Amino acid sequence: MATTVNAEALNESPLPEAVAKESKQSVDPYNVSGEVGEDGVVKAIDYSKLVDEFGTKKIEPALLERFERLTGQKPHRFLRRGIVFSHRDLDLILDRYERGQPFFLYTGRGPSSDSVHVGHTVPFEFTKWLQEALDCPLIIMLTDDEKYLFSDKRTVEEVQGYCSANAKDIIAIGFDPAKTFIFSDFEFMGGAFYRNVVRLSKHITLNQSRAIFGFNDSTSIGKIHFGSIQGATSFASSFPHIFGTDETKTSLIPALIPCAIDQDPYFRMTRDVAARIHYAKPSLIHSKFLDALQGPGTKMANTLQSASIDESAIFMKDTPNQIKNKINKYAFSGGKATVEEHREKGGDTSVDVSFLYLRFFLEDDEELEKIRVAYESGELLTGDLKAICIKELQTYVKVFQERRAKVDDEIVHQFMDRRPLKWAGNPRAPIV
Ligand code: ATP
């Protein structure tokens, strides 16, 4: 197997230096890095290999056409550009949508600091679009317990303290309060949720856990157990205030989980148990990672135990100047060494971070294509490309910050209150 799990990485995400020592591609919830070439350089993540090794399915044009036909929505730019690229049983969710049967969206965030970076907004942006397209309830889990368990440094109080700031960041993406429930594991644990956590954990052996996550004899039992908490959120019966108390019915309502592909191992495990206990298996829709500024092969992260962290990520609280300086100074360039050589041979958009970021955030397909052609032909220089990327990200972050400024504690309370949600489902579906 080319993809490995790295047990040592479970305390914290690895440092870039540590990543460079791993020779094989490695993608799991605690560690993301591309293969290291013989020259010691980390290569871009090979996503096709992940589809094969994880046993997921590539999102094919026919599936997108069906999505568009059913919902009337043009596929999101992440779908059009293969950034959201893989799935498990998305077709079954579309079957339910077509028949007007219930399902829900589930995604999450580990509150590891008081600010999210642009990479974190990728699954949330996409989830917001899905919520609007599918008109369904959304559950957002804040895994404060995970961020305590998987760090040697953080205290319980610290991670709990980040929840409110992270909830504000998430709400600022633009979720509908009538259809969205946000909860913290520490606060919500108990009752129906805990019953499902225990149902799941009873069916996961230490051996399976080791095989999936690379745990070893020194791993704390808290870390080993955490997978059953992340998994239990994909069961609708964990949320009786939203789906009702009849578990014979609610246990059959599936979740659709938008997340980056590193989270897949949790749900591979959950799907296996769900089938055994006759619960609905969660479906998934996976995105690629927004790379760190330093280049393809690692995901932008904010838990590196290094002072260099601020240099690898654009944070959603960064000022326009910070964004400009970070991109100008650190964004890896696919340009050539001299202007003359660049004009002659052109730049490489497959490794150029400014171009890769534009693929994520520039909405206009034609504009993006023009930029690609101009850069690859040498007409556009690295400085020009960086300037376009800076402008785009400054706007993206500014618009976010304006929405974020309007989210107060009262609004957070509204989203985190245990309450029934309201959604129409699919009004076009025939009544069965
Ligand atoms: P940390 O905040 O400690 O760096 P993390 O990056 O894994 O941890 P989470 O809060 O656990 O962040 O992840 C929230 C969601 O964002 C998950 O679906 C995760 O896969 C996704 N995600 C995190 N980083 C990126 C990235 N660089 N690009 C795309 N998605 C990302």
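Relative to the longest principal axis of the Cα atoms of the chain, the long axis of helix 90-99 lies at roughly 50 degrees. Restricting attention to the chain, close to 45% of DSSP beta bridges with both partner residues there are antiparallel.
Less than 5 angstrom separates the built amide H of Leu252 from those of Ala280, all sequence-distant by 5 or more or on a different chain. Considering only Val273, Ser184, Pro258, the residue lying farthest towards the positive end of the dipole of the chain is Val273, judged by Cα position with unit charges set on Cβ. A convex hull fitted around the alpha carbon atoms of the chain yields 142 Å³ per residue.
Per residue, the chain exposes 43 Å² of solvent-accessible protein surface, assessed with a 1.4 angstrom probe and all protein chains in place.
Pairs of alpha carbons in segment 25-183 separated by more than 28 Å make up 33% of all such pairs. Relative to the longest principal axis of the C-alpha atoms of the chain, give the angle of the C-alpha long axis of helix 365-377, reported between 0 and 90° and rounded to the nearest 10°. Here the helix axis deviates by roughly 40 degrees. Select from Tyr396, His342, Leu381 the residue farthest towards the positive end of the dipole of segment 319-408; place +1 on Cβ of Lys and Arg, -1 on Cβ of Asp and Glu, and compute about the Cα centre. Comparing the listed Cα positions along the dipole, Tyr396 ranks first. Inter-part distance, segment 22-77 to segment 177-206, computed on C-alpha centroids, equals 28 Å.
Measuring between alpha carbons in the structure, the pairs from Lys43/Lys128; Lys128/Lys398; Lys168/Lys202; Lys153/Lys299; Lys58/Lys281 lying more than 24 angstrom apart are Lys43/Lys128; Lys168/Lys202. Considering only protein heavy atoms and a probe of 1.4 Å, how much of the accessible area of segment 127-173 is carbon and sulfur, as a whole percent? In segment 127-173, the share of accessible area belonging to carbon and sulfur is 46 percent.
Calculate how steeply helix 320-330 sits against the longest principal axis of the alpha-carbon atoms of the chain, using the helix alpha-carbon long axis, and give the answer as 0 to 90 degrees to the nearest 10. Taking the Cα atoms of the chain, the angle to 320-330 is about 70 degrees. A 1.4 Å probe, protein heavy atoms only, puts the accessible area of Leu356 near 30 Å². Lys422 sits with roughly 150 Å² accessible to a 1.4 Å probe, with DNA, RNA and ligands left out of the calculation. Taking Lys and Arg as +1 and Asp and Glu as -1, the other residues whose beta-carbon sits under 12 Å from that of Thr107 total +1. Of the listed pairs Lys24/Lys288; Lys57/Lys336; Lys74/Lys147, which have alpha-carbon separations greater than 25 Å here? Exceeds cut-off: Lys57/Lys336; Lys74/Lys147. For segment 308-405, the fraction of C-alpha pairs farther apart than 16 angstrom is 55 percent. At the listed q of 0.11, 0.12 Å⁻¹, the Debye profile of segment 124-214, built from one uniform point per Cα, gives log10 I(q)/I(0) equal to -0.44, -0.53. Per the Debye calculation on segment 140-279 with a single equal scatterer at every Cα and no solvent contribution, log₁₀ I(q)/I(0) for q = 0.10, 0.19 Å⁻¹ amounts to -0.35, -1.29.
The values are calculated or read from the model by the stated rules, or taken from the named source; none is laboratory data. As the structure is a prediction and not an experimental result, all values here were calculated from the model. Heads up, the Cβs are rebuilt from the backbone with ideal geometry, glycines too, and the neighbour counts pull from every protein chain shown. The protein model used for the area step is the full one, side chains on, heavy atoms only, and it has no ligands, DNA or RNA in it. Shrake-Rupley method; radii C 1.70, N 1.55, O 1.52, S 1.80 Å.
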